[in-house]
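The values are calculated or read from the model by the stated rules, or taken from the named source; none is laboratory data. None of the values given here were measured: they were computed from a predicted structure. For neighbour counting, all protein chains shown are included, and Cβ atoms are generated from backbone atoms with ideal geometry for every residue, glycine included. Each accessible area value is taken on the protein alone, full model and side chains, heavy atoms only, with ligands, DNA and RNA left out. Shrake-Rupley method; radii C 1.70, N 1.55, O 1.52, S 1.80 Å.
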Amino acid sequence: MTDQLQLLKGTIEKSRTSFEEMASVHGVVSFKAEASFAYQLLKSNTFLQKIAMSNPQSLQFAVLNVASIGLSLNPVEKHAYLVPRSGSVCLDISYMGLIHLLVESGAIKWMHAELVREKDNFVFKGIGKEPEHTFSPFAERGAVVGVYCMAKTEDGEYLTTMMSKEECYEIRNRSEAWKRNQSGPWKTDEG
């Protein structure tokens with residue numbers, strides 16, 4: 001283990017007591033597991049290590065945020081990540097993590113996001129109604145023209161929001177990784 005990683009491990013360890021107090025409210029994350037996941041993330045990302053070394057307090061705050069919201073850094077669950085941003089280590093909640101929180105809180109039964117391609121048939125039927133989206137999953141569907149996200153509420157209604165490809169790209173263009181031409185989900189997993 002490098003000296004830098006050892007120092008970062010110590011930085012994470014300093015948050016143990018506060019983490020355990022915060023996590024006791026919901027009891028779904030443990031310090032031992034989350035510290036291990038944080039260490040794994042640091043070990044695999046030298047840029048994240050660099051930011052954590054230059055701003056160790058942001059690493060501690062990000063780890064404490066894991067305790068406060070109860071979403072794990074477990075790479076299998078893909079609910080949350082430690083991300084270097086603007087000179088700080090930030091806790092980023094993935095869309096899967098947000099869905100998990102909504103379902104666990106009882107706000108929704110389920111949620112689904114889908115790409116819409118030029119050869120698909122997509123019809124928005126209005127607020128509170130399920131949209132119609134049909135396509136052949138194994139045929140060439142064409143280029144992406146937009147996206148939508150739909151949730152079913154506990155009372156059986158549907159909430160749908162849509163974005164054009166251009167609106168998505170406006171968000172992409174604000175991404176620090178995209179601006180720096182770095183690897184990230186906009187390059188590796190655009191859909």
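Among the residues of the stretch 67-87, write down those that are farther than 13 Å from Leu101 by Cβ and either part of a loop (DSSP other than H, G, I, E, B) or touching a strand residue (DSSP E or B) at 6+ places or on another chain (Cβ under 9 Å) (or both). Talk me through it step by step, then tell me what you get.
Step one: of the stretch 67-87, the residues farther than 13 Å from Leu101 by Cβ are 67, 73-76, 78, 81-87.
Those that are farther than 13 Å from Leu101 by Cβ and either part of a loop (DSSP other than H, G, I, E, B) or touching a strand residue (DSSP E or B) at 6+ places or on another chain (Cβ under 9 Å) (or both): Leu73, Asn74, Pro75, Val76, Lys78, Tyr81, Leu82, Val83, Pro84, Arg85, Ser86, Gly87.
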Single residue of the stretch 29-67 satisfying the filter (among the small types (Gly, Ala, Ser) and buried (at least 16 other Cβ atoms within 10 Å of the Cβ)) that is nearest to Ser18 (Cα to Cα): Ala67
Neighbours by Cβ (under 8 Å, 6+ apart or cross-chain): first from the stretch 89-102, closer than 18 Å to Gly191 by Cα; second of a type in the set (Gly, Ala, Ser) and not in a helix (DSSP H, G or I): Ile93/Ala80; Ser94/Ala80; Tyr95/Ala113; Gly97/Ala80
Unmet requirement for Ser86, which otherwise passes all of (1) within 28 Å of Ala52 (Cα to Cα); (2) exposed (fewer than 12 other Cβ atoms within 10 Å of the Cβ); (3) without any contact (Cβ under 8 Å) to a residue 60 or more places away in the chain: (3)
Ser86, sole failed condition from (1) of a type in the set (Ser, Thr, Tyr); (2) on the phi > 0 side of the Ramachandran plot; (3) under 17 Å from the mean Cα position of the chain (by Cα): (3)
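Quickly run through the stretch 7-28 and pick out the residues that are open to solvent by 40 Å² or more (accessible area, probe 1.4 Å) and in a helix (DSSP H, G or I).
Kept after step one, since they are open to solvent by 40 Å² or more (accessible area, probe 1.4 Å), are these residues of the stretch 7-28: 7, 9, 13-14, 16-18, 20-22, 24-28.
Within the stretch 7-28, Leu7, Lys9, Glu13, Arg16, Thr17, Ser18, Glu20, Glu21, Met22 qualify.
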Subset of the stretch 169-185 (residues that are open to solvent by less than 70 Å² (accessible area, probe 1.4 Å) and assigned to a helix (DSSP H, G or I)): Tyr169, Arg172, Glu176, Ala177
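Counting only residues that are closer than 26 Å to Val145 by Cα and aliphatic (A, V, I, L, M), which one in the stretch 94-120 is most open to solvent (accessible area, probe 1.4 Å)? Outline the logic, then answer.
Start the filter on the stretch 94-120 by keeping residues that are closer than 26 Å to Val145 by Cα, which leaves 94-99, 110-120.
Okay, now just the ones that are also aliphatic (A, V, I, L, M), so 96, 98-99, 111, 113, 115-116.
Working: Met96: 63, Leu98: 88, Ile99: 36, Met111: 58, Ala113: 60, Leu115: 40, Val116: 16 Å².
The extreme case among them is Leu98.
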Which numbered condition Ile127 misses (of (1) open to solvent by 60 Å² or more (accessible area, probe 1.4 Å); (2) β-branched (Val, Ile, Thr); (3) modelled with pLDDT of 95 or more): (3)
The one condition in (1) touching a helix residue (DSSP H, G or I) at 6+ places or on another chain (Cβ under 8 Å); (2) open to solvent by less than 60 Å² (accessible area, probe 1.4 Å); (3) of a type outside the set (Lys, Arg) that Gln4 fails to fulfil: (2)
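Which one of these is among the hydroxyl-bearing types (Ser, Thr, Tyr) and under 22 Å from the mean Cα position of the chain (by Cα): Ser68, Ser54, Ser18, Ser24? Even if it seems obvious, please write down each step before you answer.
Numbers: Ser54 fails: under 22 Å from the mean Cα position of the chain (by Cα); Ser18 fails: under 22 Å from the mean Cα position of the chain (by Cα); Ser24 fails: under 22 Å from the mean Cα position of the chain (by Cα).
Among Ser68, Ser54, Ser18, Ser24, only Ser68 is among the hydroxyl-bearing types (Ser, Thr, Tyr) and under 22 Å from the mean Cα position of the chain (by Cα).
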